[in-house]
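Below: one structure, written as structure tokens.
The values are calculated or read from the model by the stated rules, or taken from the named source; none is laboratory data. The model shown is predicted, which means the values in this text are computed figures rather than measured ones. For neighbour counting, all protein chains shown are included, and Cβ atoms are generated from backbone atoms with ideal geometry for every residue, glycine included. These accessible areas exclude ligands, DNA and RNA; they are computed on the full protein's heavy atoms, side chains included. Shrake-Rupley method; radii C 1.70, N 1.55, O 1.52, S 1.80 Å.
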Amino acid sequence: EGKVEFRDVHFSYDANRQILKGVSFEVPAGKTIAIVGPSGAGKSTVSRLLFRFYDIQSGAILIDGQDIRDVTQESLRAAIGMVPQDTVLFNDTIAYNVRYGRTDATDEEVQKAAELAQIGGFIESLPGGYASMVGERGLKLSGGEKQRVAIARTILKAPPILMLDEATSALDTHTEQEIQAALDMVSRGRTTIVIAHRLSTVISADEIIVLKDGQIAERGTHADLLRQR
Ligand code: ADP
Ligand code: ADP
């Protein structure tokens, strides 16, 4: 469960310019694909299209063989988990933020997911960052900590498909390694699409596609791509 296919996808936001010019790839259930390429190549567009935020002009996007046009927004959102580059949190406790999307989860499940994401120690605190919230339980979370809240939420939701948008901003090496470890754990056994900014972070992806100007310029494993250079 969780196979993703893009078949000759053409897309433009407006009539003036084609953004994706025939993109095809297939991620077998449980495998990981990484999409790399220069800024503006169309990487984030691929993730927006998988959520069907926009309709494509031609081609098809399928999940487990089913065209996403035939899938309800609810089941699409249930099937795909997203760990964005920059997580916006609700003005409520970390526990509330982790539970969001799985309100039926028990306190124990929330705590366990938070521990796996290494934010178990402060789930009753508020995320902070808003003037109104700087109270005694207020906490100012770093970018890395906010991303770990998103990871905990995804661990709890356990979707078959995972979309990861790697941080472009510089995190310190320790934080980056911790986040990388948490991401590796959450993606195990799930179909994973990683939008990567550096080839070095996706060495273990089953396939890497290099997107340039809306087209796949190169594809292969990390070793294949190094050999071609
Ligand atoms: P990447 O993630 O590879 O940096 P994007 O998918 O964000 O690239 O963007 C691809 C191209 O689409 C860019 O030229 C960008 O300016 C353009 N673009 C992105 N979003 C929109 C939008 N909502 N409307 C029009 N053009 C957009
Ligand atoms: P209908 O379902 O009424 O036959 P179409 O098949 O023409 O309509 O598609 C409706 C809209 O969905 C069109 O704007 C088309 O570009 C878009 N679309 C087509 N295939 C996909 C797809 N796989 N994912 C998202 N949008 C799609």
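Assorted remarks:
- Considering the stretch 127-229, the qualifying helices (runs of 4 or more DSSP H), each wholly inside and each with 3 or more residues that are at pLDDT 90 or above and open to solvent by less than 10 Å² (accessible area, probe 1.4 Å), run over 143-157.
- Of the residues making up the stretch 1-22, those that are surrounded by 15 or more Cβ atoms within 10 Å (Cβ to Cβ) and away from ligand 1 (no atom under 11 Å from the Cβ) are G2, K3, V4, E5, F6, R7, V9, H10, K21, G22.
- Scanning the stretch 64-94 for residues that are assigned to a helix (DSSP H, G or I) and touching a Pro at 6+ places or on another chain (Cβ under 8 Å) gives A78, A79, I94.
- Any hit, the stretch 50-68, residues being more than 17 Å from L164 (Cβ to Cβ), surrounded by fewer than 17 Cβ atoms within 10 Å (Cβ to Cβ), more than 12 Å from ligand 2 (Cβ to nearest atom) and without any contact (Cβ under 8 Å) to a residue 24 or more places away in the chain: no
- Subset of the stretch 95-116 that is touching a Lys or Arg at 6+ places or on another chain (Cβ under 7 Å) and part of a loop (DSSP other than H, G, I, E, B) - its residue that is modelled with the highest pLDDT: A105
- Which numbered condition V71 misses (of (1) farther than 23 Å from S187 by Cβ; (2) open to solvent by 20 Å² or more (accessible area, probe 1.4 Å)): (1)
- Residue check for G30: open to solvent by 10 Å² or more (accessible area, probe 1.4 Å) and closer than 26 Å to E218 by Cβ: yes
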